[in-house]
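Data first, discussion second: the structure below is written as C-alpha cells.
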Amino acid sequence: MSKIILFRADGNPGIGLGHLYRLFSLVEMLKEHFTFTFLTSESSAINVIPENYQQKRIPNEINIEEEPNWISKEFDSNKYLLIADGYQFNSSYQQKIKEHGFKFIYIDDLASEHLFADIVINHSPSISSEDFSCESYTKFALGTKYALLRPTFLELSTKENTVKQLDTAFVCFGGADPYNLTLKTAKALLKMKQVKKIHIVLGGAYVHKGIRGLNKDIIKIYQNISEKKLSEIMIDSNFSIAPASTILYELCCVKMPILSGFYVDNQEKIYQGFAEEKAIFELGNMKDFSIDCFERELHSFFKSDFQQFINAQKNIFDKNIKERYHKLISGIC
C-alpha cells in the first residue's frame, strides 16, 4: 500500500507564496494516485490553499526546531511520506525528520545546505547533482524534465503559439512583490507608444496601494484569480515581464517573448538557466530597478529578435512531466 503524502510549505506576505504554489502543482500531478494531506503553519495565507485539499495546520507556538518532533507525534512515519518546500527546512530539520524514520523529499532552490533528503527536486534548467552537498543515499530529480507546472500549463507546454506584434503586456511579480516592481514596470510601459494594453496580475500577498491609482484605460488589474483565468490572460498577451520564479515557467509554456530577471536569491539559478537557454530577454538583478531602468530595457527589448526567445522555449518542456513525477514518487513509497 502506498504511503500517504504530507505536502509541507508555508506562504504569507513576508515570504511570498511561491513555495505554496509549487507544492500545489505537485499535488495536482499526484492526487489521482496518492492520498495526501497539505501541512502548513497557522500563520500561512490559508485562503490561497484550495478548499478541497485535506489540511492540517501546525500551531504557531511550534517553532522550526520543534517541528520534526511534532510531526512524528501527529503522523506515523511508516504510513506517511513528507515532501517539503521552503528555506526553513535546513540540514538540521532534515536530519531530525530522517531520524524519526520518514522518507523525505525536498524541493531545493539554493543548493547551499548539506541535504539529508532521500530525493532532491530542483527544476532549474542549468542545475546538476554536483552543485549539491548530500548524503550518499540522496537521489536527484533535476532540470525542466521535473518542472513544477499546474495542469493547465502542462497542457499548454505542448502547444504552439505565434506572436506577430508586441502591443499587449503581461506583468506579474509574484505573491508579495516586496520591492513593488509591478508599479515601476507599469509606469515604464505607459511610456511605450506601441503598448496598447497592459494586464497586471497581483499576487495574493500584494499589499502596495499605488498600482490602483494609475487609473489608465489600457491597464487591467487582476488579483486572486484561478489557474484557468491566469492562462487566458497570458494567452491574450504577446509579451511579458516577470521574475525567474514559477510564473516564468508558466509563461514559457504559453510561449512568448519574456523580459525576466531576479530580485531574491532563490530566483538567480533559475534565471541563469533560462538565460543560458536563450529563452528570455535578460534583465539581471531587478532589486534596485527604477522606472527609468525598466524603460531603458524595454526600448532595447523592442529592437531585439523576439522570435529567438519563443524558439528556445519550445525545447524546454516535454509531455512526460506528470508521468515522470508519478514514477518518482511511486519508487519511494
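Some observations on this one:
- Failed condition for P68, given (1) in contact (Cβ under 8 Å) with a residue 24 or more places away in the chain; (2) farther than 24 Å from S245 by Cα; (3) out of contact with any Asp or Glu (no Cβ under 9 Å at 6 or more places or on another chain); (4) assigned to a helix (DSSP H, G or I): (3)
- For I280, the conditions (1) surrounded by 21 or more Cβ atoms within 10 Å (Cβ to Cβ); (2) over 17 Å from the mean Cα position of the chain (by Cα) all hold with the exception of (2).
- The criterion of being in the same structural domain as F262 (by TED's automatic domain parsing), buried (at least 22 other Cβ atoms within 10 Å of the Cβ) and either β-branched (V, I, T) or farther than 20 Å from I258 by Cβ (or both) holds for I198.
- Residue check for F36: within 25 Å of T152 (Cα to Cα) and aromatic (F, W, Y): yes
- Residues that are in the same structural domain as K187 (by TED's automatic domain parsing) and without any contact (Cβ under 8 Å) to a residue 60 or more places away in the chain number at least 2 in the following helices (runs of 4 or more DSSP H) confined to the stretch 244-333: 265-276, 291-302, 307-313.
- A search for C-beta distances below 7 Å between a residue of the stretch 45-58 that is without any contact (Cβ under 8 Å) to a residue 24 or more places away in the chain and surrounded by 15 or more Cβ atoms within 10 Å (Cβ to Cβ) and any residue that is in a helix (DSSP H, G or I) and of a type outside the set (G, A, S), counting only pairs 6+ apart in sequence or on different chains, returns I58/E67; I58/W70.
- Hey, I233 modelled with pLDDT of 95 or more and either within 19 Å of the chain's Cα centre (by Cα) or assigned to a loop (DSSP other than H, G, I, E, B) (or both) or not: yes
- In the stretch 202-242, the residues that are touching a helix residue (DSSP H, G or I) at 6+ places or on another chain (Cβ under 8 Å) and among the aliphatic types (A, V, I, L, M): L202, I211, L214, I219, I221, I225, L230, M234, I235, I241, A242
- Against the conditions (1) assigned to a loop (DSSP other than H, G, I, E, B); (2) within 20 Å of the chain's Cα centre (by Cα); (3) in contact (Cβ under 8 Å) with a residue 60 or more places away in the chain, F7 satisfies every one except (1).
- Verdict on S240 being closer than 19 Å to L183 by Cβ and not in a helix (DSSP H, G or I): yes
- Of the residues F34, F24, F38, the single one that is in a loop (DSSP other than H, G, I, E, B) and either touching a Cys at 6+ places or on another chain (Cβ under 9 Å) or assigned by TED's automatic domain parsing to the domain that holds A84 (or both) is F34.
Conditions tested, residue by residue: (1) among the small types (G, A, S); (2) crowded, with 16+ Cβ neighbours inside 10 Å; (3) closer than 27 Å to E160 by Cβ.
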residue	(1), (2), (3)
T182	no, yes, no
Q223	no, no, no
S226	yes, no, yes
S245	yes, yes, yes
L248	no, yes, yes
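- Any hit, the stretch 296-318, residues being under 20 Å from L149 (Cβ atoms), within 19 Å of the chain's Cα centre (by Cα), charged (D, E, K, R) and at pLDDT 95 or above: no
The values are calculated or read from the model by the stated rules, or taken from the named source; none is laboratory data. Everything numeric in this text was worked out from a predicted model, so none of it was measured. No Cβ is skipped: glycine too gets one built from the backbone with ideal geometry, and neighbour counts run over all protein chains shown.
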